Amino acid sequence: MNVPPRLHAYREAGAIGRDDIAAAAMLVEMARRDGAPEPGLLAWLGMCLALRTVRDGHTCVDLSGIAGWRGELDAMASGGLEWPTAANEWMEQLEKAHVLVGSPGDRRPFILDGHRLYLARALAEEEAIAAAIRSRAAAGTIRILLGGPGTGKTTKVARDLVERFKALGPADAKPRVALAAPTGKAAARMTEVLRKRCEDVAASPDVLAAVTAEPARTVHKLLGYNPRRGDRFEYNAGNPLPYGLVIVDEASMLSSSLMHHLLAAVDPKAEIQLVGDPDQLASVDAGTVLGDIAACSDAAHESTPLGGQIDRLSEIHRAESKTIIDLSRAIRESGAAAAFGILEARRDDVVWVDPEDDGAVEAVVGEVAKHARGVRAAALQGDPVAVLEARAKLQVLCGHREGAMGVSGWNARIEKRLGIRAADSWYSGRPVMVTRNNPALGLSNGDVGVVVPRAGRREAVFGVPTQQLRVPVSRLEDIETVHALTIHKSQGSEYGHVVVVLPEEASRIVTRELLYTGVTRAIRKVTIVGSRAVLTVAIETPIRRATGLAARLAGR
């Protein structure tokens with residue numbers, strides 16, 4: 001395949017990838033057979049960037065901010081690599097490649113919609129999401145509940161359920177309620193917490209029955225996802241979900257594609273409630289749907305149909321550390337100076353450790369190892385409730401997977417302190433995470449359990465103390481040890497004490513949302529291991545994801 005030789009210099013600079021070039025080359029070759037003219041260099045680059053969007057979490061390439069897509073090109077400026085910062089220069093070349101790049105409504109692999117360049121499927125999904133949300137907002141069949149940890153989101157959901165059921169007449173059918181979350185871990189916690197909040201607000205037996213009739217599931221399970229099916233999802237617009245109310249927690253973790261399938265599958269007459277914290281990390285896949293919806297909750301959009309369907313909670317009700325709350329607000333709103341003012345105050349519930357201070361780091365390792373020994377002792381006694389309660393008391397959360405300050409390094413440290421031999425892979429007290437869905441066992445990617453001996457064999461206990469799932473370790477596949485886990489994988493969880501470990505150097509994933517998400521997993525204490533330089537970068541670097549959803553929802 002004929003590829004402009006200069007294109008490989010952009011790959012070497014990190015702006016595009018090898019797979020992006022290969023995919024673009026295949027499409028260009030097909031267009032050549034139809035007599036299409038050769039695309040210009042910027043058209044090649046634009047198409048490669050669009051192919052890369054899914055990998056980087058974007059739904060499109062925003063050509064109006066194309067300077068921010070340069071990768072490491074600044075370091076290669078002397079090499080003469082072309083990278084115009086004016087959107088019209090890119091758009092002119094893309095428009096000339098009209099066999100491959102079309103306008104909205106065209107059947108082309110790439111669509112140029114104003115200054116945004118999309119893969120055709122990504123644009124179709126984004127348009128469908130916007131249309132569904134706006135239609136439901138006008139009909140009053142969507143509610144959005146936004147708020148940080150401890151703001152009472154679940155209590156609000158419980159009270160809304162009570163009011164909804166009170167409004168039903170004696171002859172009215174009780175709505176069938178579905179509870180869902182993006183991960184199995186978040187789903188398991190959702191069922192337990194919502195049941196407790198319903199009891200706290202003196203919900204009627206009908207409400208409690210509706211909430212507990214079916215356990216919360218992952219959104220994939222709710223939709224009947226099966227990758228071997230032709231359409232992958234059992235429930236869709238042609239076969240809607242059999243529920244009158246669908247409540248989705250931790251909605252910030254929903255990707256654009258999954259939100260598209262979810263909205264399509266909810267019956268038009270049914271109501272959907274999306275609950276979450278828009279300041280947390282977004283999905284690892286493309287899109288920032290909840291964040292885009294949240295952009296429509298400010299004063300400028302309150303009078304729009306969608307604005308009227310959004311509630312934002314800000315007052316903290318949960319009995320947790322006030323210092324952690326202040327720190328999370330400083331990270332989210334106030335900036336590095338305010339955050340360091342809290343970190344340097346030397347409080348018992350917020351501890352900052354410089355990674356260059358070997359003694360301080362070793363003290364943290366010792367505390368984590370002590371906790372791991374406690375979990376191991378509870379496991380050896382064969383008490384699954386005590387094991388799950390002990391495990392929730394402390395968790396190490398890392399920004400990166402690899403390296404001394406990553407998940408692998410911390411897991412190795414703790415197992416060394418425990419005296420675990422390499423041959424003993426299923427030791428009692430080992431915390432494990434499922435890394436791939438296993439429907440046969442009822443386990444989902446992200447589920448966390450602990451190995452516990454029972455009647456001469458070893459099992460892994462998953463779930464929460466009041467809702468356990470026990471699985472023989474001989475049946476477990478795709479498992480990893482999680483004395484430490486990534487901050488991304490921690491979403492939907494809470495721990496008494498969280499140790500947030502940032503990498504030794506700033507990287508693309510070190511963002512404000514990453515740090516905020518890690519800190520807000522803690523209830524009583526947070527320890528942050530990270531240098532001043534990396535912390536500053538994290539606080540001052542909001543995640544950058546290009547989408548057009550917020551503009552579509554606002555009617556622009």
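Read-outs throughout are calculated quantities, based only on the coordinates presented, and are distinct from any laboratory measurement. Since this is a predicted model, take the numbers as computed values, not measurements. Counting neighbours? That spans all protein chains shown, and the Cβs are built from the backbone with ideal geometry, glycine included.
How large is the Kirkwood hydrodynamic radius of the stretch 103-190, in angstrom, based on all distinct alpha carbon pairs?
Radius from the Kirkwood sum: 17.0 Å.
Quick check for you: which residues of the stretch 394-431 have the amide N under 20 Å from the point 7 Å beyond the Cα of Ala360 toward its beta carbon?
Output list for this probe position: 395-400, 404-406, 410.
Please give the contour-minus-distance gain from Arg532 to Ala124: 0.36 nm per residue of separation, less the Cα-Cα distance, rounded to one decimal in nm.
Gain on stretching Arg532 to Ala124: 142.6 nm.
May I ask you to list the trypsin sites (Lys or Arg not before Pro) in the stretch 368-466 that are in a DSSP loop and have at most 11 other Cβ atoms within 10 Å of their Cβ?
Sites meeting the loop and neighbour criteria: Arg421, Arg436.
Quick check: residue separation of Arg229 and Arg475 times 0.36 nm, minus the Cα distance between them. What number comes out in nm?
Between Arg229 and Arg475, full extension yields 86.1 nm more.
Nearest 0.05, what FRET efficiency do Glu163 and Arg55 give at R0 = 51 Å with Cβ-Cβ as r?
Rounded to the nearest 0.05, the efficiency is 0.70.
Among (i) 132; (ii) 178; (iii) 200, find the value of volume of the Cα convex hull per residue in Å³ that was calculated from the structure presented, and write down its label.
Matching the structure shown: (ii).
Sequence-distant or interchain residues sharing an amide H contact under 5 Å with Ala484, placed H: which?
Placed amide hydrogens put Asn411 under 5 Å from Ala484.
In whole angstrom, how far apart do the alpha carbon centroids of the stretch 416-435 and the stretch 321-355 sit?
The two parts, judged by their Cα centres, are 33 Å apart.
From the phi angles alone, apply the Karplus equation (6.51, -1.76, 1.60; θ = phi - 60°) to the stretch 396-404 and give each ³J(HN,Hα) in whole Hz, x where the residue is Gly or Pro.
Karplus values, whole Hz, x for Gly and Pro: 8, 10, 10, x, 10, 7, 9, x, 4.
Given points 7 Å out from each Cα along the Cα-Cβ axis, report the Ser103 to Gln468 separation in nanometres with one decimal.
6.4 nm
Once R0 is set to 51 Å, what does the formula 1/(1 + (r/R0)^6) return for the Cβ-Cβ distance between Glu38 and Gln381, expressed as a FRET efficiency to the nearest 0.05?
Calculated value: 0.10.
Which whole-Hz couplings ³J(HN,Hα) result when phi for each residue of the stretch 148-160 is put into the Karplus expression 6.51 cos²θ - 1.76 cosθ + 1.60, θ = phi - 60°, listed in order with x for Gly and Pro?
x, x, x, 8, x, 4, 5, 4, 4, 4, 4, 5, 5
For a Förster distance of 60 Å, can you work out the FRET efficiency between the beta-carbons of Thr212 and Glu29, rounded to the nearest 0.05?
Efficiency computed from Cβ-Cβ geometry: 0.60.
So if each residue of separation counts as 0.36 nm, and I subtract the Cα-Cα distance between Glu199 and Arg524, what length gain in nm does that give?
114.6 nm
Would you mind checking which residues have amide H under 5 Å from Thr151's amide H? H placed 1.01 Å from N; only 5 or more apart, or other chain.
Close amide H contacts, sequence-distant or interchain: His317.
In deg cm²/dmol and to the nearest 500, what is the mean residue ellipticity at 222 nm of the chain if only DSSP H runs of at least 4 residues count, each as -39500 (n - 2.57), divided by the residue total?
Taking each H run of at least 4 residues, the total per residue is -11500 deg cm²/dmol.
Past 22 Å, Cα to Cα: identify those pairs from Lys185/Lys221; Lys185/Lys322; Lys322/Lys393; Lys370/Lys416; Lys196/Lys393; Lys156/Lys393, in the order given.
Pairs exceeding 22 Å: Lys185/Lys322; Lys156/Lys393.
For the stretch 127-141, just list the computed ³J(HN,Hα) in residue order, Karplus coefficients 6.51, -1.76 and 1.60, θ = phi - 60°, integers in Hz, with x standing in for Gly and Pro.
5, 5, 4, 4, 5, 5, 5, 5, 5, 5, 4, 5, 8, x, 10
For Glu459, list long-range residues whose amide hydrogen, built 1.01 Å from N in the peptide plane, is under 5 Å from its own amide hydrogen.
Val452, Arg454, Val473
What's the local net charge at Val61, with K and R +1, D and E -1, over the other residues with C-beta under 9 Å away?
+1
Relative contact order for the chain: what is it in percent, counting Cα pairs under 8 Å that are at least 6 residues apart?
Computed value for the chain: 15 percent relative contact order.
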